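Worksheet for the structure shown next.
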Amino acid sequence: MKCTVHASKNFVIGTADKRLFSSFVEQLGRCVYGGIYEKDHPLADEDGLRTDVLNLVKELDVPMVRFPGGNYVSNHRWEDSVGPVEERPMRLDLAWKALDPNQFGIKEFMDWCQKVGTEPMMALNLGTRGIDEAKDLVEYCNHPGGTALSELRKSHGSEAPYDIRMWCLGNEMDGPWQVGHKTAEEYGRLASEVGKALKLFDPSLELVACGSSNSDMPTFPAWEETVLDHTWDIADYLSLHMYFRNDENDAETFLASSKKMDEFIETIVHVCDYVKTKKRSKKTMYLSFDEWNVWFHSNEQDKAEPDWKVGKHILEDVYTFEDALVVGCLLNSLLKHCDRVKVACLAQLVNVIAPIMTEDGGPSWAQTIYWPFYYASKYGRGGEVLDIRLNVPSMKTISMERYHMQMQCLCTMRKNRNLICSW
Ligand code: AHR
């Protein structure tokens, strides 16, 4: 069969926001401790930051990095991670069953961002905490001075405000695994009040409301509708998360992963526009795909890793060439939807399902998935994405068929129980 690609500079989808090439640093495994920060490493600088890792990150030219979680953020007290490091408490992190020494906190992250040349995207704990702690954190970070918390920041060595522009209203609050998991109603109400408080402080802050943790969640996409009903006026973005796996050794389906990403984005765009119409609103809800990657290689070995220690060796996927192809296709999917997806974070940056790996006390290196991300980040940003049409052979992927069959079964079961089918 003849393959044809039709492209015209007159058919433009949109301009690719540079923030499509953002990433994510969670207090998880060895992403921070033994990853970006290792004070006894021979290549560590005066702040304990690994300069070899800094250089690899700089090469990727990541415009924004999400921090400090992830699941971690939903049980974290930000107050533990500021002030003199020797006075910071050791805590239990219930999300990852680890010890959290709080040695690398907000100031250390902000200093790291400056050295790397990136912007922070800060996540708030809406699992165990609420309006008070969120507004306090924003005052600590962004208010110039003259208040208790802005003066506290200054006394901690940061005279100028951090001026963090983008804030995530919680993380994966639809997931039963989340500490402080909520129903869509509970989360929507809380997020709208937290968002209101933040916008009272500074209406120009950009806020991200939590969408579903993935499209297989039983509450997807009803979750999005309810959350948007509550947060429409204060949210600027709705988040999407999705990880891809090939643990059934089905290369065809795995290599078609970007189809699943396409469908996920397009469904959520429809939900956003449905809520927009319902509300007779003129606002466009943009999307923040703030966690995406391939994740499955480390699942078995993680079971053997002991709990309650600092720097657990978990989620340390070693990537193949096949994974790099999938990551490349996923980047294309993000670009193809750049009219609505303005932010995307490759999860994560170092050691934890990451393009960069390190050995404690040893070398660091780029994994296979580093390279598609590197080239997309280097050449993909700022340009206009064309709406191309392909005429190429296609194939059916067995697992996709099975996936759709499962969805149909679920639909029928729901219909039989007189429930509204959401697919
Ligand atoms: O990136 C790893 C984890 O995946 C994050 O902590 C969580 O948000 C998601 O489930």
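Listing for the model above:
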| quantity | calculated |
| --- | --- |
| Relative intensity, log₁₀ I(q)/I(0), of the range 13-83 from a Debye sum that treats every alpha carbon as a point, q = 0.12, 0.20, 0.23, 0.24 Å⁻¹ | -0.42, -0.97, -1.12, -1.16 |
| P(r) of the range 118-190 over all Cα-Cα pairs, binned every 5 Å from zero, in whole percent | 3, 16, 22, 19, 17, 11, 8, 4, 0 |
| Rh (Kirkwood; distinct C-alpha pairs) - the range 199-316, Å | 16.6 Å |
| Overall Cα dimensions of the range 266-397, principal axis frame, Å, largest first | 55, 37, 34 |
| Value of [θ]222 nm, deg cm²/dmol, for the chain, DSSP H segments ≥ 4, -39500 (n - 2.57) each, nearest 500 | -10500 deg cm²/dmol |
| Separation of alpha-carbon centers, the range 142-191 and the range 289-367, rounded to whole Å | 25 Å |
| 10 Å binning of all Cα-Cα separations within the range 166-249, expressed as whole percents from 0 upward | 19, 49, 23, 7, 2, 0 |
| Average accessible surface area per residue within the chain, 1.4 Å rolling probe, Å² | 44 Å² |
| At q = 0.06, 0.09, 0.10, 0.11 Å⁻¹, base-10 log of I(q)/I(0) for the chain (Debye sum, equal scatterers on each alpha carbon) | -0.24, -0.56, -0.70, -0.85 |
| Fraction of accessible area attributable to carbon and sulfur, the chain (%, probe 1.4 Å) | 55 percent |
| Exposure rank, largest accessible area first [3, 168; 1.4 Å] | 3, 168 |
| Radius, Kirkwood style, for the range 61-142 when every pair of distinct Cα atoms is counted (Å) | 13.4 Å |
| Most to least packed among 56-69, 125-138 [average Cβ atoms within 10 Å] | 56-69, 125-138 |
| Per residue, the convex hull volume that the Cα atoms of the range 1-127 enclose (Å³) | 184 Å³ |
| Net charge of neighbours whose Cβ lies under 14 Å from the Cβ of residue 225, counting Lys and Arg as +1 and Asp and Glu as -1 | -2 |
| Exceeding the 19 Å Cα-Cα cut-off - candidates 260/396; 115/312; 279/342; 97/309; 58/378; 182/282 | 115/312; 279/342; 182/282 |
| Area projected by the alpha carbon convex hull of the range 84-125, averaged over all directions, nm² | 3.8 nm² |
| Cα-based equivalent ellipsoid, the range 48-103: semi-axes from gyration tensor eigenvalues, Å | 25, 15, 11 |
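The values are calculated or read from the model by the stated rules, or taken from the named source; none is laboratory data. In this text, all values refer to a predicted model and were calculated from it rather than measured experimentally. Glycine gets a Cβ as well: all are built from the backbone with ideal geometry, and neighbour counts include every protein chain shown. Just the protein is used for accessible areas: all its heavy atoms, side chains included, with ligands, DNA and RNA removed. Shrake-Rupley method; radii C 1.70, N 1.55, O 1.52, S 1.80 Å.
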